[in-house]
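Structure, as structure tokens:
We did not get these values from a lab; they are worked out from the coordinates using the rules stated. If you're wondering where the values come from, they're calculated on a predicted model, not measured in any experiment. When we count neighbours, we look across all protein chains shown, and the Cβ atoms used for this are built from the backbone with ideal geometry, even at glycine.
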Amino acid sequence: MKNIVILISGRGSNMDALIAARDAGTLPVNIAAVISNRPDAAGLETAARAGIVTHYVDHRGFADRERFDAALAECIDQFDPDLVVLAGFMRILSDGFVRHYAGRLMNIHPSLLPAFPGLHTHRRALAEGVRIHGCTVHFVTPALDHGPIVIQAAVPVLDGDDEASLAARVLREEHRIYPQAVRWFAQGRLVVADGRVRVTGEQAEGAALVAPQER
């Protein structure tokens with residue numbers, strides 16, 4: 001069974017989705033630890049209640065990003081992770097950190113990358129008048145919010161949407177596709193070649209983009 005370590009900065013709703021999938025028996029991984037860069041992150045308490053080891057490495061105690069990242073990597077590596085999962089981890093990671101976990105560092109971003117990298121994605125989507133928005137799970141590379149795409153989910157942008165309503169619609173899809181992406185990794189079904197991800201095995205055809213479920 002694969003070991004994963006989850007990194008959070010706040011409440012960790014995507015972490016909750018991963019824990020729920022593990023508990024339901026649909027995500028065959030061992031969540032070895034949840035680590036935050038903030039000692040007051042609400043998700044640490046949630047993880048502890050779920051029986052998961054928790055740690056924090058407070059970024060405010062380090063003079064620069066590289067020293068923080070080195071301390072964070074030291075904390076992560078004691079759990080021997082096969083995959084490190086960013087679940088609302090609000091830190092830009094150094095190139096050295098990303099290279100250290102190359103091919104085993106996964107993130108979810110609230111847009112259909114490469115559209116709207118960075119912050120305030122829902123606000124920017126509304127300002128641009130797009131009719132389709134969504135979220136993306138991808139392997140992390142040194143370029144911010146880039147990297148081989150594992151799976152995306154699309155949602156409609158409705159007349160009358162504001163940031164809150166659009167964000168809520170996207171978040172439901174995040175909670176659906178992140179466990180799926182981690183499940184594929186745990187099953188050894190993700191093959192990365194030439195910057196693209198191929199999902200192997202049964203029912204892999206068309207797996208890269210999913211539409212929202214009826215609600």
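Full extension of the chain between ALA48 and VAL210 yields a length gain of 55.1 nm, computed as 0.36 nm times the residue separation minus the alpha carbon distance. The separation of segment 133-159 from segment 32-95, counted between C-alpha centres, amounts to 22 Å. Peptides 141-151, 48-58 ranked from most to least packed give 141-151, 48-58, packing being the mean of other C-beta atoms within 10 angstrom over each peptide's residues. Where does helix 13-23 land angle-wise versus the long Cα axis of the chain, in degrees 0 to 90, nearest 10? Value to nearest ten degrees: 80.
Full extension of the chain between ASP194 and HIS120 gives 23.7 nm of extra length, using 0.36 nm per residue less the Cα-Cα distance.
Quickly estimate the mean residue ellipticity at 222 nm for the chain, helices only: each DSSP H run with n ≥ 4 gives -39500 (n - 2.57), and the total goes over all residues, rounded to 500.
On the way: 6 runs with 70 residues, N = 215.
Computed ellipticity for the chain at 222 nm equals -10000 deg cm²/dmol.
If you plug the beta carbon distance of LEU158 and CYS75 into 1/(1 + (r/R0)^6) with R0 = 41 Å, you get a FRET efficiency near 0.45. Considering only VAL140, LEU27, ALA42, and ranking their Cα positions along the charge dipole of segment 2-210 that arises from unit charges at the beta-carbon of Lys, Arg, Asp and Glu, the one farthest toward the positive end is LEU27. On the basis of the beta-carbon distance and an R0 of 22 Å, ILE132 and MET90 show a calculated FRET efficiency of 0.30. Note on LEU7, LEU126: ascending count of other Cβ atoms within 10 Å places them as LEU126, LEU7, the fewest first. Taking Kirkwood radius over Cα pairs in Å as calculated from this structure, the corresponding entry among [x] 17.6; [y] 18.8; [z] 19.3 is [x]. Placing unit charges on the Cβ atoms only, positive for Lys and Arg and negative for Asp and Glu, gives the chain a dipole magnitude near 160 debye about its Cα centre. The residue list TRP184, ASN3, GLY195 was ranked by how far each Cα lies along the charge dipole of segment 2-210 toward its positive end, using unit charges on Cβ atoms, and TRP184 comes out on top. Angle of helix 163-186 to the longest C-alpha principal axis of the chain, folded into 0 to 90 degrees and rounded to 10: 60°.
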